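*Asks:* Got a structure for you, written out below as structure tokens; questions coming shortly.
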Amino acid sequence: MPQAEALPDGIIVLDFGGQYCHLIARRIREMNVYSEIFPSDVSAEEVKALSSIMNIKGIILSGSPASVNEENPLLIDESILELGVPVLGLCYGHQLIAKIFGGEVRKGEAREYGLRGVAIDEPEDVLEGLDAEETVWMSHGDTVYSLPSCFKVLAHTESAPVAAFSYQEKRLYGLQWHPEVTHTVHGDRMLSNFILKLCKAKQNWVPADRIEEAIRNIQKQIGDGRAIIALSGGVDSSVAGALAGKALGDRIMAVHVDHGFMRVNESSQVKAAFKKIGVKIRVFEEKARSFKADFLIQGTIYPDRIESGGTQHADIIKTHHNVGGLPLNMEFKGIVEPLKDFYKDEVRILASKLGLPREIIRRQPFPGPGLAVRIVGEVTDDKLTLLRKADAILCEEIESSEIADKPWQYFAVLTDTKSTGVKGDERAYGYTIAIRIVDSFDAMTANFTKIPWDLLEKISVKITNTIPSITRVVYDITNKPPATIEWE
């Protein structure tokens with residue numbers, strides 16, 4: 001067992017199924033403080049046992065799609081609140097602490113969702129150094145209306161009289177909002193107040209070489225076996241393929257399935273990139289089947305698993321093809337997901353360290369089913385041709401513009417809506433293309449890109465002038481949340 005002084009200071013995150021649970025852990029690690037996620041029903045004894053891998057400095061209770069007033073609500077071992085370390089409840093965690101100590105928690109008179117202004121009554125503890133009014137991200141139906149006198153109310157909103165609290169004697173704190181989400185303007189300040197000031201955690205955790213760790217994990221899972229990986233053309237599967245190549249050598253075959261839903265020149269670019277790094281790649285054929293692979297390797301990343309209900313009590317936000325879309329009768333011995341604990345920006349860092357070419361590192365995220373998921377309604381050859389042309393125009397204009405490296409992702413969606421237009425002094429009736437361009441850090445949250453109007457106009461004009469069957473172009477100005485990045 002390592003010596004106590006060699007252990008990193010750490011924060012434990014208890015998972016109640018909130019979609020942002022892993023985002024909390026990520027924010028902690030960004031501060032060079034270790035974090036681990038555990039299910040909400042972990043016992044106090046199990047928590048204390050974690051002292052073998054970290055100096056436990058604090059605990060955070062995550063949000064949840066559930067309600068504390070359900071018939072069988074998600075609870076915790078209340079002894080955890082008596083371990084002598086600070087505890088911060090976020091959203092559901094905030095409500096749960098209040099209810100445990102006899103506070104009034106009930107369905108709110110108005111559901112608070114999205115960006116909200118909150119009045120800071122007492123700028124102390126978690127809220128130290130904040131303004132009198134802060135912009136935060138809310139997502140809750142239940143509200144804390146009152147607390148015992150031992151608690152101190154730190155903030156409120158028009159519809160939530162107790163939006164933040166402290167219980168100094170027991171070092172308990174609660175925030176009704178989500179400081180881990182980037183939409184909360186000073187969320188990092190709130191979390192650092194808790195982690196560095198209240199918990200007094202030292203920033204003494206430095207991530208190990210995660211590439212070597214990932215390679216060792218692949219070798220451990222596959223042993224002497226052989227594996228196959230499907231390369232969609234996106235950066236996730238490309239990095240998973242490169243890691244597998246280093247781990248397995250000639251015991252890995254990369255298969256690029258040109259299923260007809262690829263972007264312009266996608267297949268040829270992917271084959272050329274992997275030829276450079278020495279990974280065998282074939283377009284799917286009988287020889288790929290004869291490779292006799294024992295394992296399937298996938299480029300599943302953290303957001304895929306979270307949004308597909310990957311945490312214990314999580315709602316399924318959307319079903320990702322590589323998480324919930326696999327057949328039950330697969331003949332592989334197992335599925336290996338070397339990137340399942342990584343976020344998209346971390347995957348790109350790995351790509352750079354692995355020496356992948358820039359066209360792979362900066363390649364736009366692309367779902368396995370390809371352009372089919374960007375066609376709303378029935379998928380036909382004609383629709384696919386329209387979308388492929390529109391998407392190519394969008395990508396060409398963005399990549400040749402002054403904002404080329406700014407957006408996280410950009411793509412076109414062919415909607416199932418037709419509308420009237422005028423082309424060549426004649427009435428036209430054609431499809432509507434939606435343009436989606438977003439800024440993000442990790443794909444867990446995203447803001448629509450405030451693209452220059454002249455560039456957006458140029459894209460619209462070129463699409464409608466070049467593609468006769470498209471009469472209208474619209475721009476998606478929805479953030480994530482409430483929307484997801486992809487439409488389907």
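*Asks:* Being modelled with pLDDT under 95 and assigned to a strand (DSSP E or B) is the filter here, so list the residues in the range 432-447 that pass it.
*Replies:* Matches in the range 432-447: ASP439, SER440, ALA446, ASN447.
*Asks:* Okay, next question. Which residue, of GLN221, GLN203, is of a type outside the set (A, V, I, L, M, F, W, C) and not in a helix (DSSP H, G or I)?
*Replies:* On the way: GLN221 fails: not in a helix (DSSP H, G or I).
Selected residue: GLN203, the only one of GLN221, GLN203 that is of a type outside the set (A, V, I, L, M, F, W, C) and not in a helix (DSSP H, G or I).
*Asks:* Can I ask one more? What residue, among those in the range 36-89 that are under 20 Å from LEU7 (Cβ atoms) and of a type in the set (S, T, N, Q), is surrounded by the most Cβ atoms within 10 Å (Cβ to Cβ)?
*Replies:* My answer is ASN55.
*Asks:* Identify, please: which residue in the range 375-388 is farther than 15 Å from HIS259 by Cα and of a type outside the set (A, V, I, L, M) and is, among those, surrounded by the fewest Cβ atoms within 10 Å (Cβ to Cβ)?
*Replies:* Among those residues, the one meeting the criterion is GLU378.
*Asks:* Same structure again: Which of the residues belonging to the range 28-54 are in contact with a helix residue (DSSP H, G or I) (Cβ under 7 Å, 6 or more places away or on another chain) and modelled with pLDDT of 90 or more?
*Replies:* Within the range 28-54, ILE28, MET31, VAL33, ALA44, VAL47 meet the criteria.
*Asks:* Still on this structure, I have one more. In the range 291-312, which residue that is at pLDDT 75 or above and not β-branched (Val, Ile, Thr) is farthest from ALA227 (Cα to Cα)?
*Replies:* GLY299
*Asks:* Looking only at the range 76-108, which residues are out of contact with any Ser or Thr (no Cβ under 8 Å at 6 or more places or on another chain) and either among the acidic types (Asp, Glu) or assigned to a strand (DSSP E or B) (or both)?
*Replies:* Selection gives GLU78, GLU82, VAL87, LEU88, GLY89.
*Asks:* Here is a further query. Taking the stated definitions as given, is ASP188 of a type in the set (D, E, K, R), more than 25 Å from PRO367 (Cα to Cα) and modelled with pLDDT of 85 or more?
*Replies:* So ASP188 passes the test.
*Asks:* Quick one: VAL105 ticks every box in (1) of a type outside the set (Ser, Thr, Tyr); (2) at pLDDT 95 or above; (3) more than 29 Å from the chain's Cα centre (by Cα) bar one, so which box is it?
*Replies:* So VAL105 meets the others, but not (2).
*Asks:* Tell me, which helices (runs of 4 or more DSSP H) lie completely within the range 332-416 with 1 or more residues that are outside the structural domain of LYS220 (by TED's automatic domain parsing) and touching a Gly at 6+ places or on another chain (Cβ under 8 Å)?
*Replies:* Details: elements: 344-353, 358-361, 381-399.
Per the criteria, 381-399.
*Asks:* Same structure again: Considering ILE485, ILE470, which residue is in contact (Cβ under 8 Å) with a residue 60 or more places away in the chain and more than 27 Å from the chain's Cα centre (by Cα)? Before you say what the answer is, go through the steps one by one.
*Replies:* On the way: ILE485 fails: more than 27 Å from the chain's Cα centre (by Cα).
Result of the check over ILE485, ILE470: ILE470.
*Asks:* So which pairs qualify, if the first residue must be in the range 265-281 and modelled with pLDDT under 75, the second must be of a type in the set (Ser, Thr, Tyr) and buried (at least 17 other Cβ atoms within 10 Å of the Cβ), the Cβ gap must be under 8 Å, and the two must be at least 6 apart or on different chains?
*Replies:* VAL270/SER238; ALA273/SER238; PHE274/SER238
*Asks:* Now for a separate question. Which of the residues that make up the range 130-145 are more than 16 Å from PHE165 (Cα to Cα) and part of a loop (DSSP other than H, G, I, E, B)?
*Replies:* ASP131
*Asks:* Can you pull out the residues in the range 106-144 that are touching a helix residue (DSSP H, G or I) at 6+ places or on another chain (Cβ under 9 Å) and among the aromatic types (Phe, Trp, Tyr)?
*Replies:* TRP137
The values are calculated or read from the model by the stated rules, or taken from the named source; none is laboratory data. What you see is a predicted model; the values in this text were computed from it and never measured. Heads up, the Cβs are rebuilt from the backbone with ideal geometry, glycines too, and the neighbour counts pull from every protein chain shown.
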